Amino acid sequence: METISENRCFGGVQGVYRHASRETGTDMRFAVYLPPGADGSRLPVLWYLSGLTCTEENFTVKAGAQRYAAEHGLVLVAPDTSPRGAGVAGEDDDYDFGTGAGFYVDATEAPWSRNYRMYSYLTGELRDLVAEHFPVDNERQGITGHSMGGHGALTIALKNPDAYRSVSAFAPICAPSQCPWGEKALGGYLGADRDAWAAHDATALVAAGARTAGTILIDQGEADSFLDRELKPELFADACRRSGQPLQLRMQNGYDHSYFFIASFIGEHVAFHAAALR
């Protein structure tokens, strides 16, 4: 593992690191914030998954989460959204597929299946790497994310309820099998069989009986231009209501899809996870 940068931040250290990934076959970057007092004791960790076109830098620079992580004694981990420079033909052609758009799945379709393995990378390889090099408690982990990353947070938590004790999301793609972004990505990575898509669709997972360890928290801006076409939180809320999955869906008046929205509520999300991970 190589250190790219480390900066003092709210009494802790914000670092960016790089390593050679066996899952993606590429070098991968990720960011870790260590709060003050990280003196070797194992601390709870909150994973943040970013949305389309983003890298680890967007959340690290724009969200302002370090202040709240310092107050609550949480480690923050922000991975990248896809492999970079895998050399797959067409991976840089579209903003919503390929580079910057891994959708947190393990691709099964050629030519994507060799490198686009973000699900296994996050839930296995990077989780183990972070535990090896940083003072995190693997028994106290939460996960959150934005947009495509909100989709990733919800599906990963629903598929691994024993690994993540808390989950939240900002403007998640709640039903990717039923929206253009998701249909393009899941079809391209997983093929035409929609039954295979259901394992990476939060609404479908809940409808089929998947559960998280506690209440799911979602914040969604009512002025989000992607709300009706791409995000569809009402479908997820209905599935949760029907199946008994606890959900707190907060529709926020006047807020859009930007990091101004995330920065406005990230403190409440960090506190939500901190309470669950104590």
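The values are calculated or read from the model by the stated rules, or taken from the named source; none is laboratory data. All values derive from a computational prediction rather than experimental measurement. All Cβ positions, glycine included, derive from the backbone under ideal geometry; neighbour counts span all protein chains shown. With ligands, DNA and RNA removed, areas are computed over all heavy atoms of the protein, side chains included. Shrake-Rupley method; radii C 1.70, N 1.55, O 1.52, S 1.80 Å.
Short version: ³J(HN,Hα) in whole Hz for each residue of the range 134-141, in order, from phi by Karplus 6.51 cos²θ - 1.76 cosθ + 1.60 (θ = phi - 60°), x for Gly and Pro, what are they?
9, x, 10, 9, 5, 8, 10, 10
Please sort by residue number the chymotrypsin sites (Phe, Trp or Tyr not before Pro) in the range 12-96 whose DSSP state is loop and whose Cβ has at most 16 other Cβ atoms within 10 Å.
Answer by residue number: 95.
Give, as a single signed number, the net charge of other residues whose beta carbon lies under 10 Å from the beta carbon of residue 125, with Lys and Arg counted +1 and Asp and Glu -1.
Net charge around residue 125: +1.
For residue 247, list long-range residues whose amide hydrogen, built 1.01 Å from N in the peptide plane, is under 5 Å from its own amide hydrogen.
Amide H neighbours of residue 247: 216.
Before anything else, pin down the relative contact order of the chain: Cα pairs under 8 Å, at least 6 apart, normalised by residue count, whole percent.
The value is 17 percent.
Could you calculate the contour length gain from residue 132 to residue 1, that is, 0.36 nm times the residue separation minus the distance between their Cα atoms, to one decimal place in nm?
46.1 nm
Calculate how many DSSP beta bridges within the chain are antiparallel, expressed in % of all such bridges and rounded to the nearest 5.
In the chain, approximately 50 percent of DSSP beta bridges are antiparallel ones.
Which of the trypsin sites (Lys or Arg not before Pro) found in the range 23-120 are in a DSSP loop and have at most 15 neighbouring Cβ atoms, other than their own, within 10 Å?
Hits after loop and neighbour filter: 42.
Using a 1.4 Å probe and counting only protein heavy atoms, arrange 151, 257 so the residue with the most accessible area comes first.
257, 151
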